[in-house]
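First up is the structure itself, then whatever we jot down about it.
The values are calculated or read from the model by the stated rules, or taken from the named source; none is laboratory data. None of the values given here were measured: they were computed from a predicted structure. Every residue, glycine among them, receives a Cβ derived from its backbone with ideal geometry; neighbour counts consider all protein chains shown.
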Amino acid sequence: MRPGTPWPEVECVEYSVGFRDDVRVEFDAASVSLATPASTFAVRLPAGGTRDALAALAGGLVPLGETLDGFEPAERERFQRLLARLGRLVEFGVAVGGRELIRLQQTGQDTDPATTVVGPDDVVRLSRFALCRSRSGTLVLESPLASARALLVHRTARTLVYSLAAGRRVGDLAEQDGGDLALPEVCALLGVLVGAGLVECRSAGEEFETEENSTLRQWDFHDLLFHSRIRSGRHDAPLGGTFPHRGEIAPRPAVKAVPDGPSIELYRPALEEITGRDPGLTAALEGRRSFRSYGEQPLTAEQIGEFLYRVGRVRTRFVPAPDDEPGGEIVSRPYPTGGSSFELELYLTVQRCDGIDPGIYYYDPVAHRLVLVNDAHQDRRAMLEVASVSTAREADPDLLITMTSRFQRLSWKYSGMAYATTLRHTGVLYQTMYLVATAMGLAPCGLGIGNSDMSARVLGLDYLQESSVGDFILGSRPPGDPGIWDREQGWEWVNDPEWAAWAGAKLRRA
């Protein structure tokens with residue numbers, strides 16, 4: 001159903017349409033300008049019914065039928081097409097029994113609110129993907145599966161939604177919780193919410209779609225919500241480099257202030273030394289593996305110094321002039337990030353290393369040194385225990401590297417995608433660590449689980465300003481590892497697995 005076309009006629013339901021509160025509408029002699037927090041565009045619009053109708057919508061909600069009164073057939077069709085193009089800029093009011101109960105705002109692209117016929121014997125419940133939250137002073141209902149959000153502008157609508165935590169027969173719902181809504185009115189209001197994808201409906205004896213559909217059953221609520229919000233298409237919020245806090249909040253510096261504590265100067269490798277013994281990119285890519293056991297010899301301070309220098313040091317730094325616009329300070333490190341943000345920091349929990357005492361350290365990427373931030377044995381063991389559990393207790397890590405994110409370094413610039421971007425950067429840093437560790441003949445392993453709450457406490461951080469987003473363990477490579485997949489263990493060789501065998505041999509020689 002396209003906006004501007006008549007909705008299904010139900011005797012007790014009235015529909016209205018108007019521009020949303022966050023849309024600014026301005027007219028001049030030949031066009032109308034429509035501005036939202038995210039964009040501005042203009043439509044050439046000569047005098048006539050369409051211009052008059054848009055002017056009416058700018059003044060508030062107008063009964064849907066009245067917007068088309070007086071239109072010639074051709075102009076009516078043009079106006080309907082225009083409303084379809086303006087889908088995210090308009091909202092629909094739904095009045096039941098003469099009272100406006102909800103407003104619908106389109107959130108998806110090329111999708112429009114619709115209604116569904118709901119009968120007294122149908123069973124309804126709130127979608128398990130639905131989210132109820134406060135937005136601009138109003139309680140709203142949203143879902144990553146929905147094409148629209150519902151603003152619950154009347155307490156009757158809020159009461160009805162509250163009653164949908166479990167599956168309820170519509171007839172029983174109207175009798176027990178409908179309050180001052182008659183059964184036809186309850187059916188009509190639920191039909192709008194079901195049509196928008198916010199409420200599930202099934203016939204007696206059937207299953208709800210989110211229980212029956214094997215694809216939906218495998219989505220967690222938070223994963224699907226996150227997926228729907230970090231890319232365009234399913235929401236109407238600003239997205240990308242919008243600089244939402246410019247002029248109001250100072251940006252975070254490109255380089256973090258180094259914490260106080262005893263420090264250890266790290267070994268700095270020479271370029272000629274590295275290039276002279278490096279096995280090459282192909283060998284590192286093909287020979288890369290995860291290790292959860294280590295050799296008898298521990299890592300050395302020199303190896304840790306080389307690893308950190310090749311992975312995370314600050315190479316260059318640009319500081320804008322004092323009169324330049326804030327936010328222009330950037331740095332460069334060996335791995336890429338969006339907008340040269342480099343919000344990730346590295347902390348090392350050392351258990352076994354020749355030349356570095358056990359403890360928890362911050363890596364200073366400018367001075368290339370370790371700064372002790374916590375020497376408590378209990379905290380060190382707690383960090384290592386979580387890492388061991390992430391490997392199903394296969395590993396007792398010699399070294400745990402905790403990656404933290406200074407979140408506001410990203411959210412000052414990016415809307416809607418700051419956290420997703422820091423996770424992308426974490427993945428990039430994982431691969432960089434894997435390749436460097438493989439080239440150095442070490443035993444790397446990226447971890448999928450960490451305890452960000454505990455690590456923030458142990459590292460002395462504010463959970464909301466900087467906390468962990470990734471974990472990586474490292475040790476000396478165990479002897480005799482073949483570096484290939486054994487067919488006798490069930491591996492099926494597909495595309496040139498001998499490349500990995502070649503890489504393993506080359507890495508062992510190196």
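A compact table of results
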{"quantity": "Residues located in the range 310-328, provided they are modelled with pLDDT of 90 or more and of a type outside the set (K, R)", "calculated": "V311, G312, V314, T316, F318"}
{"quantity": "Residue ranges of strands (runs of 3 or more DSSP E) in the range 5-46 with at least 1 members over 28 Å from A188 (Cα atoms), of a type outside the set (D, E) and at pLDDT below 75", "calculated": "40-44"}
{"quantity": "Hits in the range 256-278 (condition: within 16 Å of E466 (Cβ to Cβ) and touching a Lys or Arg at 6+ places or on another chain (Cβ under 7 Å))", "calculated": "K256"}
{"quantity": "Candidates Y419, Y362, filtered to the one that is under 25 Å from T337 (Cβ atoms), at pLDDT 95 or above and either crowded, with 19+ Cβ neighbours inside 10 Å or of a type in the set (S, T, N, Q) (or both)", "calculated": "Y362"}
{"quantity": "In the range 188-246, residue farthest from P120 (Cα to Cα) [restricted to those that are in contact with a Lys or Arg (Cβ under 6 Å, 6 or more places away or on another chain) and either small (G, A, S) or in a helix (DSSP H, G or I) (or both)]", "calculated": "G241"}
{"quantity": "Number of the condition not met by D122 [criteria: (1) more than 11 Å from V199 (Cα to Cα); (2) surrounded by fewer than 20 Cβ atoms within 10 Å (Cβ to Cβ); (3) touching a Cys at 6+ places or on another chain (Cβ under 7 Å); (4) not basic (K, R)]", "calculated": "(2)"}
{"quantity": "Unmet requirement for I449, which otherwise passes all of (1) at pLDDT 95 or above; (2) loosely packed, with under 13 Cβ neighbours inside 10 Å; (3) under 20 Å from the mean Cα position of the chain (by Cα)", "calculated": "(1)"}
{"quantity": "Single residue of F221, F208 found to be surrounded by fewer than 18 Cβ atoms within 10 Å (Cβ to Cβ) and either closer than 26 Å to T156 by Cα or in contact with an Asp or Glu (Cβ under 8 Å, 6 or more places away or on another chain) (or both)", "calculated": "F208"}
{"quantity": "Single residue of the range 302-326 satisfying the filter (surrounded by fewer than 18 Cβ atoms within 10 Å (Cβ to Cβ) and not charged (D, E, K, R)) that is nearest to P397 (Cα to Cα)", "calculated": "V314"}
{"quantity": "Filter result for the condition that a residue is in contact with a Cys (Cβ under 6 Å, 6 or more places away or on another chain) and either among the β-branched types (V, I, T) or at negative phi (or both), over E175, E209, E185, E200", "calculated": "E185"}
{"quantity": "Conditions (1) within 30 Å of L89 (Cβ to Cβ); (2) among the β-branched types (V, I, T); (3) free of Cβ contacts under 8 Å to residues at least 40 places away in the same chain: number failed by T215", "calculated": "(1)"}
{"quantity": "Unique match (being more than 26 Å from L372 (Cβ to Cβ) and surrounded by fewer than 20 Cβ atoms within 10 Å (Cβ to Cβ)) among D486, D462", "calculated": "D486"}
{"quantity": "Selection from the range 133-162 of residues that are surrounded by fewer than 17 Cβ atoms within 10 Å (Cβ to Cβ) and closer than 26 Å to S203 by Cβ", "calculated": "T159, Y162"}
{"quantity": "The range 384-419, residues that are under 24 Å from the mean Cα position of the chain (by Cα) and among the polar types (S, T, N, Q)", "calculated": "S390, T402, T404, S405, Q408, S411, S415"}
{"quantity": "Candidates R393, R409, filtered to the one that is assigned by TED's automatic domain parsing to the domain that holds T300, within 30 Å of E248 (Cβ to Cβ) and of a type outside the set (A, V, I, L, M)", "calculated": "R409"}
{"quantity": "Candidates L86, L101, L160, L181, filtered to the one that is closer than 25 Å to L216 by Cβ and either out of contact with any strand residue (DSSP E or B) (no Cβ under 6 Å at 6 or more places or on another chain) or touching a residue at least 40 places away in the same chain (Cβ under 8 Å) (or both)", "calculated": "L160"}
{"quantity": "Filter result for S163 (of a type in the set (G, A, S) and within 27 Å of A237 (Cβ to Cβ))", "calculated": "no"}
{"quantity": "Strands (runs of 3 or more DSSP E) wholly inside the range 73-151 that include at least 2 residues being in contact with an Asp or Glu (Cβ under 9 Å, 6 or more places away or on another chain) and of a type in the set (S, T, Y)", "calculated": "none"}
{"quantity": "Selection count, the range 175-187, where residues are in contact with a Pro (Cβ under 8 Å, 6 or more places away or on another chain) and either surrounded by fewer than 20 Cβ atoms within 10 Å (Cβ to Cβ) or not in a helix (DSSP H, G or I) (or both)", "calculated": "1"}
{"quantity": "Breaking point among (1) among the aromatic types (F, W, Y); (2) out of contact with any helix residue (DSSP H, G or I) (no Cβ under 6 Å at 6 or more places or on another chain); (3) assigned to a loop (DSSP other than H, G, I, E, B), for Y463", "calculated": "(2)"}
{"quantity": "Flag if T215 is surrounded by fewer than 16 Cβ atoms within 10 Å (Cβ to Cβ) and touching an Asp or Glu at 6+ places or on another chain (Cβ under 6 Å)", "calculated": "no"}
{"quantity": "Residues of the range 247-288 classified as within 18 Å of Q303 (Cβ to Cβ), modelled with pLDDT under 95 and assigned to a loop (DSSP other than H, G, I, E, B), total", "calculated": "3"}
{"quantity": "Some residue of the range 227-235 being touching a Pro at 6+ places or on another chain (Cβ under 7 Å) and at pLDDT below 90", "calculated": "yes"}
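Here's the yes/no breakdown for (1) over 30 Å from V319 (Cα atoms); (2) free of Cβ contacts under 8 Å to residues at least 40 places away in the same chain; (3) surrounded by 14 or more Cβ atoms within 10 Å (Cβ to Cβ):
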site: V255; (1), (2), (3): no, no, yes
site: L266; (1), (2), (3): no, no, yes
site: P269; (1), (2), (3): no, no, yes
site: T275; (1), (2), (3): yes, yes, no
site: D278; (1), (2), (3): yes, no, yes
site: L281; (1), (2), (3): yes, no, no
site: E286; (1), (2), (3): yes, no, yes
site: Y294; (1), (2), (3): yes, no, yes
site: P298; (1), (2), (3): yes, no, yes
